[in-house]
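The structure under discussion appears below in the form of structure tokens.
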Amino acid sequence: MALTKYVEAIRLGIWEEMEKDERVFVLGEDVGIYGGAFKVTKGMLEKFGEWRVIDTPISESAIVGAAIGAALMGMRPIAEMQFADFISCAFDQLTNFAAKCRYRWGAGVPIVVRGPSGGGVHGGPFHSQNPEMYYVHTPGLKVVCPSTAYDAKGLIKAAIRDPDPVIYFEHKFLYHRIKEELPTDDYVVPIGKAAIRRPGTDISVITYGAMVYTALEAAKELEKEGIDLEVMDLRSLLPFDREAVLESVKKTNKVILLHEDTRIGGFAGELAAVIAEEAFEYLDGPIRRITAPDTPVPYSPPLEEFFLPKATDVIRVARELNAY
Amino acid sequence: MKTLNPKAAAPGTARQDALPSEKTLVDMLYYMQLTRELEFRIERKLYRQGKIVGGVYVGRGQEAIAVGSCIDLRQSDVVCPSHRDMGAFLIRGMSVRTILAQYMARKTGATRGRDGNMHMGDMKYNLIAFVSMLGDNVPVAAGIGMSFKMRGEDRVSVCFFGDGATSRGDWHEGINLAAVMKVPVVYVCNNNQYAYSTPLERQMAVENVADRAEAYGLPGVIVDGNDVVAVWNTVRTAIERARSGQGPTLVECKTFRMTGHSAHDDAGYVPAELFQFWEERDPIRRHERLLIDRGLITPAGATELKERVNDEINEAIQIAEKDPFPDPEDCLKDVYFEG
């Protein structure tokens, strides 16, 4: 069986949904004839035509606004942000219009807004951001961050079928680096369910996105020292799998919260609060956070290398916690 | 009325003397009167009696715009009103009681107490709820039009906003997208000359909102917003243009806000002579005169119509005042689909 890359998995998921459901369409900058800046929508224009694969002006707010309008009319739009960084331009439409329609007047807005986030490719301050927390703080939205090809396909399908607005942050570092054999059946990955990527007994590392691989790399190294990490991939941040988080912490009694996003207001803070509130008596050590520092994402390789959390950080903190 | 984009088709220019049916002419008076009286009760009576929760924004003096634009729409067409377009809600079929309950924050209001005042929507009437971020409905209407085009449906959307909204980026992005995609949408501007306290010349360096259309390649048409028949004519032509696949039109209705921005604003910054000038051009009195001149209504009939409107509102107020507030726990419901 052929291996499917992460980027191909997203494409396949969209493709299959478009074949099955004519309400599904794609709009965004350069998604048509060019196939998208990262080629996620490659071949779709030829297959589905220009009214289902729509090249738009450089207008992120209008792209999301138009997606909302079409969704209110019963369509299932998938809006591409060329880089997840640019989603800030659509912040208002997402947080004020899309997120609040159902609550205010009972109108569902089943849109998917997707785009490449994350660093590691020297994209600099405007092509490397992890903007998930602006949206995690908005009731009415859902936010997912797939880390595997299996999840990339299963979560995009779940997002497209979801009756509410879903923001789908793919990680551009993973596009071509991650591949696996995918099942041929029409599966979905349910939004809000975490996955254990490596079961372990000593310390839980709770993470998402590209940092899953950083955690796994650290776990492999620590194995040699007899420290057994459990690596949990949240997959969805809003809603997140509270039960799975608490279950893992109750089992290992020590926890590292790891993300590529910056520290203050990062998801680790929310997880730390939930663990402290609901599993305090199970903890045998301090809750530890490993995150990017509170700076923009820098461009030059030594700066970016410094910025991104690394396996060595996880190893260092895990050793400290193990000795605690 | 003038068309500012010489390259584009000129909707409305040849239709100035066309009149709607007699029934429509009379309905126009009814809906304008109902709008005026309902907003008068809300702003000048119920608000001052402390029965309205939160802010009140009315469209006194602007009634002809929503009424003239919406009166001939089909039920399948979609309306995106803004905050001074009460007539749109009434014409689409939202009941006076539902509207009053909305302003009184009751469970029976259009948003069941989740949101206030003009922030009403209901897919049953193809009415899209407005948000306070002005101009946000402009790209949304473009998307509505795109869905009609994708599905080959013979439907249009009419999207309202004020002059102030045309300063926002969403307005420009949305109008541009609509023009590029040639969507069946009519964009209707209530140019009431003031954005809260800021006069037009502090909003834009062009003379007319319609001047903006040329930059986006769609027709920009100016119409007397206090003449309901002229609004009807212009919007009707723009709707026909949209239905025939020629794309969106920007219709600028020149009018005046005969109140402050909201019920708590005395509009002390507006020169008195402006109010005087526009009072003489009151859209309801003008239309009433037209109907009397054409023998479509008698002076006694006009009084009767007002009484009918009063009775309808009195009855609705009595019901809405007894309507329940939402249960506090309703706060937690419907953030997401609940099956």
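None of the figures in this text is laboratory data; all of them are computed from the coordinates on show. Bear in mind the structure is a predicted one, so any value in this text is a computation, not a measurement. Positions of Cβ are generated from backbone atoms using ideal geometry, with glycine treated the same way; all protein chains shown enter the neighbour counts.
Would you mind counting up the charge near B:Gln49? Only other residues with Cβ under 12 Å from its Cβ, with Lys and Arg at +1 and Asp and Glu at -1.
So the surrounding residues net to +3.
Over all distinct alpha-carbon pairs, what is the Kirkwood Rh of chain A in angstrom?
The answer is 20.0 Å.
Kindly provide the pair-distance distribution of the range A:81-186 built from C-alpha pairs, with 5 Å bins from 0 and whole-percent values in order of increasing distance.
Values per bin, smallest distances first: 2, 12, 22, 22, 19, 12, 7, 3, 1.
Over the alpha-carbon set of the range B:70-109, divide Rg by the Kirkwood Rh and report the Rg/Rh ratio to two decimals.
Rounded to two decimals, Rg over Rh is 1.01.
With no solvent and one equal point scatterer placed on each C-alpha of the range B:205-311, evaluate the Debye formula and give log10 I(q)/I(0) for q = 0.11, 0.20, 0.23, 0.24 Å⁻¹, two decimals.
At q = 0.11, 0.20, 0.23, 0.24 Å⁻¹ the computed log10 ratios are -0.54, -1.11, -1.17, -1.20.
For the range B:22-320, state what percent of all Cα-Cα pairs lands in each successive 10 Å bin, counting from 0 Å until the bin that includes the largest distance.
Result returned by the calculation: 7, 29, 37, 23, 5, 0.
Going by Cβ distance under 4.7 Å, what cysteines of chain B have no possible disulfide partner?
For chain B, the answer is B:Cys70, B:Cys189, B:Cys253, B:Cys331, because their Cβ atoms have no other cysteine Cβ under 4.7 Å.
Any idea what diffusion coefficient the range A:195-323 gets from Stokes-Einstein, in µm²/s, Kirkwood Rh on alpha carbon pairs, 4 °C, 1.567 mPa s?
Stokes-Einstein gives a translational diffusion coefficient of 89 µm²/s.
Let me know the whole percent of all Cα-Cα pairs from the range B:53-175 that are separated by more than 24 Å.
It works out to 25 percent of all Cα pairs.
Among B:Leu290, B:Leu296, what is the fewest-to-most ranking by other Cβ atoms within 10 Å?
The order, fewest Cβ neighbours first, is B:Leu296, B:Leu290.
Starting from 0 in steps of 5 Å, tell me what percent of the Cα-Cα pairs of the range A:157-204 lands in each bin.
So the P(r) values, bin by bin, are 4, 12, 15, 23, 24, 13, 7, 2.
Where the convex hull is taken over the Cα atoms of the range A:1-103, what is its projected area averaged over directions, in nm²?
For the range A:1-103, the mean projected area of the Cα convex hull comes to 7.2 nm².
Taking a quarter of the surface of the Cα convex hull of the range A:149-243, what do you get in nm²?
Mean projected area of the Cα convex hull: 7.0 nm².
Report, largest value first, the span of the C-alpha coordinates of the protein assembly as shown along each principal axis, in whole Å.
Projected onto its principal axes, the Cα set of the protein assembly as shown covers 97, 54, 45 Å.
What does the charge add up to near B:Ala195, with Lys and Arg as +1, Asp and Glu as -1, over the other residues with Cβ less than 10 Å from its Cβ?
Within the 10 Å Cβ shell, the charges total +1.
Hey, got the Cα dimensions of the range A:4-180 along the principal axes, in Å, largest first?
44, 35, 30
Convert each backbone phi in the range A:107-118 into a coupling constant with the Karplus relation 6.51 cos²θ - 1.76 cosθ + 1.60 (shift: θ = phi - 60°), then list the ³J(HN,Hα) values in order as whole Hz, x for Gly and Pro.
Whole-Hz 3J(HN,Hα) from phi for the range A:107-118: 9, x, 10, x, 10, 10, 10, 10, x, x, 10, x.
Between the alpha-carbon centers of the range A:228-271 and the range B:224-264, tell me the distance in whole angstrom.
54 Å
Using amide H atoms built in the peptide plane, which far-off residues or other-chain residues are under 5 Å from A:His171 H to H?
For A:His171, whose amide H was placed from the backbone, the distant partners under 5 Å are A:Ser117.
If Lys and Arg each add +1 and Asp and Glu each add -1, what is the summed charge of the other residues whose beta carbon sits under 12 Å from the beta carbon of A:Met133?
Every neighbour counted, the sum reads -3.
Under the rule of -39500 (n - 2.57) per DSSP H run of 4 or more residues, summed and divided by the residues of chain A, what mean residue ellipticity at 222 nm is obtained, to the nearest 500 deg cm²/dmol?
Estimated from H runs of four or more residues: -10000 deg cm²/dmol.
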